[in-house]
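The structure appears below as C-alpha cells.
The values are calculated or read from the model by the stated rules, or taken from the named source; none is laboratory data. These numbers come from a predicted model, not from an experiment. With ideal geometry, Cβ positions are generated from the backbone for all residues, glycine too; neighbour counts draw on all protein chains shown.
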Ligand code: UGA
C-alpha cells in the first residue's frame, strides 16, 4: 500500500485516483474547487463515466479514498503525487502548461519527505525535465523529489475499464528509484508494464494518439474516394480488418474525430515538430482531412437542397461520441452554426449532451434560424424535412429505417456515422446519404 495524492479531478485524475484506491492504495484527490470536492464526498462524480460513482462510494466508505482542497496536507507525506490536470490547447496549437506549473509549485512548497511526482497529463516532450527542475528550484525541504512520466490511455465513456484493464502501463523515469516506486504502485493491477525513459514516455502518448487520429483520417480520406469511384467504405474497412497488421479497430469512417484529445494532440505534435524545424507531414495531413470531414455532410445537404431556410431539421446526437456529455471539437459545433446561418429550424436530440449544448446555443431564435431541444429522436424527426446524424447514440441506432419514413415529412437523411445499411434505407424509401457509400 502506498500513500498517493492526485492533483486534478478531471477524467484523468479522478479515474486514476479511484482506481488506485480500488487496488488497495491510500488515495487523496485534490482539487481547488470546493463545490466539486463536496460533490465527490457525497458520492457523486463531476463527470459522466460508467462505473465511476460506484467505485467512488465503495472506496470512500472503505476509507481508502479522500477528497480535499487542502493540497498541503495531501502532498506533505505522500509517497507519490500524480498530476492529472488539463493541458488545453493554446491558439498556436501548443499546450497550455500553466495548470501543471501551478501544481508543481504547490508540491515544491508542501512536500516534507522523499516523493515521486508522476505526470499523467499529456505534455510536450521534454516538459517533465523542466517540471523536475522547477520543483527543485522551489523546494523548501531537503528531500528527494523526482518526476516521472506515466501517460494515460483511457478513452471517455470507458475510462474505468480502460484504467483497470489497460493494454499497457508506460512508465518513463530517469532513475531506478523512480522506476521501482511506479512498479510497486502498478503491481496490483497485474498489467504489462513498459519502462522507458521520460522523453520516450512523453512521446509514446502523442505518437499513439496521433497514429489513431491518422488512422481515422486515412479512412475518411479513402471513404471520400470510395464515393467517387463507387466503392463502399464499410466493405473496404471489413476487407482490410482481416489483416492482423492493420487490425480491426478505429477503421470507422465518419464525420471526423472530435473530443479533447485527438484534435489537441495532433496540433500539439505538429507544433513540437515545427519548433524543431521539422515538417511532420503525416500528422498535418490528418489534421487537414479532419477539418474538411466535419462539414462534408452539410455540403452534401446544401448541394441536394436549394436552401435549408425554413426547413425543420432533425439533429440526432451532439456530443463528439456516445457515452459522454463532452462536446469538445464535436462535429455538431461545426454544423449547427452553418445550419442556423442557412435559416434552418433545428430540433436537436442528445440523451446526455443537451445541457452543455444549450449553454452554447440556447433554445430559441438565432438569426433567421432557430433551435429547439427535444427529449426523444422521434420528436426530432416528427414532420422533419431533413435529418442529420452526428453521434451514434443507442437511442438513435434503435430507430429503424421505417421510423424515418413514417415520422418525417420528407425522409431525407444525412448520416455521419454510417449507422444504417444503404439497402435497408433504400427498401424503406428513405433518401439516405452517408459517408463513403452509395447515395
Ligand atoms: C482518445 C484515445 O482513444 C485514448 O486512448 C486516449 O487516452 C484519449 O484520447 C486521451 O488522450 O485522453 P477519446 O478522445 O476519449 O480517447 O475518444 P475515442 O474513443 O478515441 O474517439 C475519438 C474520436 O474519434 C471520436 O469523435 C470518435 O467518434 C472518433 N472515431 C473513433 C472515429 O471517427 N472512427 C473510429 O473508428 C474511432
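Condition check ((1) modelled with pLDDT under 95; (2) outside any helix (DSSP H, G or I); (3) surrounded by 15 or more Cβ atoms within 10 Å (Cβ to Cβ)) across all residues:
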position: 208; (1), (2), (3): no, no, yes
position: 231; (1), (2), (3): no, yes, yes
position: 234; (1), (2), (3): no, no, yes
position: 246; (1), (2), (3): no, yes, no
position: 277; (1), (2), (3): no, yes, no
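All but one of (1) surrounded by 19 or more Cβ atoms within 10 Å (Cβ to Cβ); (2) within 30 Å of residue 119 (Cα to Cα); (3) within 9 Å of the ligand (Cβ to nearest atom) hold for residue 215; state the number of the condition that does not hold.
With respect to (1) surrounded by 19 or more Cβ atoms within 10 Å (Cβ to Cβ); (2) within 30 Å of residue 119 (Cα to Cα); (3) within 9 Å of the ligand (Cβ to nearest atom), residue 215 is out only on (1).
Examine the range 322-337 for a residue that is surrounded by fewer than 18 Cβ atoms within 10 Å (Cβ to Cβ), more than 15 Å from the ligand (Cβ to nearest atom) and either closer than 26 Å to residue 253 by Cβ or modelled with pLDDT of 95 or more (or both), and state whether such a residue exists.
Scanning the range 322-337, I find at least one residue that is surrounded by fewer than 18 Cβ atoms within 10 Å (Cβ to Cβ), more than 15 Å from the ligand (Cβ to nearest atom) and either closer than 26 Å to residue 253 by Cβ or modelled with pLDDT of 95 or more (or both), so the answer is yes.
I want to confirm something. Restricting to the range 84-122 and keeping residues that are under 18 Å from the mean Cα position of the chain (by Cα) and assigned to a strand (DSSP E or B), which single residue is nearest to residue 260 (Cα to Cα)? Quick ask: steps written out before the conclusion?
If we filter the range 84-122 for residues that are under 18 Å from the mean Cα position of the chain (by Cα), which is where we start, we get 84-90, 93-96, 120-122.
Filter once more, so that each one left must be assigned to a strand (DSSP E or B): 89, 95.
Values: 89: 9, 95: 12 Å.
If we take residues in the range 84-122 being under 18 Å from the mean Cα position of the chain (by Cα) and assigned to a strand (DSSP E or B), then 89 is nearest to residue 260 (Cα to Cα).
State the number of residues belonging to the range 146-162 that are within 12 Å of the ligand (Cβ to nearest atom) and in a loop (DSSP other than H, G, I, E, B).
So the answer is 8.
Results for (1) more than 20 Å from residue 294 (Cβ to Cβ); (2) part of a helix (DSSP H, G or I); (3) touching a helix residue (DSSP H, G or I) at 6+ places or on another chain (Cβ under 6 Å), shown as yes or no for each residue.
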site	(1), (2), (3)
178	yes, yes, no
182	yes, yes, no
186	yes, yes, no
195	yes, no, yes
212	no, yes, no
217	no, yes, yes
227	no, yes, no
266	no, yes, yes
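Within the range 396-418, which residues are closer than 20 Å to residue 354 by Cβ and surrounded by fewer than 18 Cβ atoms within 10 Å (Cβ to Cβ)?
Across the range 396-418, the qualifying residues are 397, 398.
Quick grid of which residues meet (1) in a loop (DSSP other than H, G, I, E, B); (2) within 16 Å of the ligand (Cβ to nearest atom); (3) not assigned by TED's automatic domain parsing to the domain that holds residue 117:
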site	(1), (2), (3)
20	no, no, no
27	no, no, no
35	no, no, no
44	yes, no, no
48	yes, yes, no
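Among the residues of the range 339-358, which ones are in a helix (DSSP H, G or I), over 20 Å from the mean Cα position of the chain (by Cα) and crowded, with 18+ Cβ neighbours inside 10 Å?
Answer for the range 339-358, where residues must be in a helix (DSSP H, G or I), over 20 Å from the mean Cα position of the chain (by Cα) and crowded, with 18+ Cβ neighbours inside 10 Å: 339, 340.
Could you list all residues from the range 302-320 that are touching a residue at least 24 places away in the same chain (Cβ under 8 Å) and surrounded by fewer than 20 Cβ atoms within 10 Å (Cβ to Cβ)?
Hits for the range 302-320 are 302, 304, 305, 307, 309, 310.
Count, please, the residues in the range 167-200 that happen to be within 14 Å of the ligand (Cβ to nearest atom) and within 21 Å of residue 5 (Cα to Cα). Walk me through it before giving the result.
So the first thing to find is which residues in the range 167-200 are within 14 Å of the ligand (Cβ to nearest atom), and the list is 167-170.
Now narrow it down to the ones that are within 21 Å of residue 5 (Cα to Cα): 169-170.
So the count comes out to 2.
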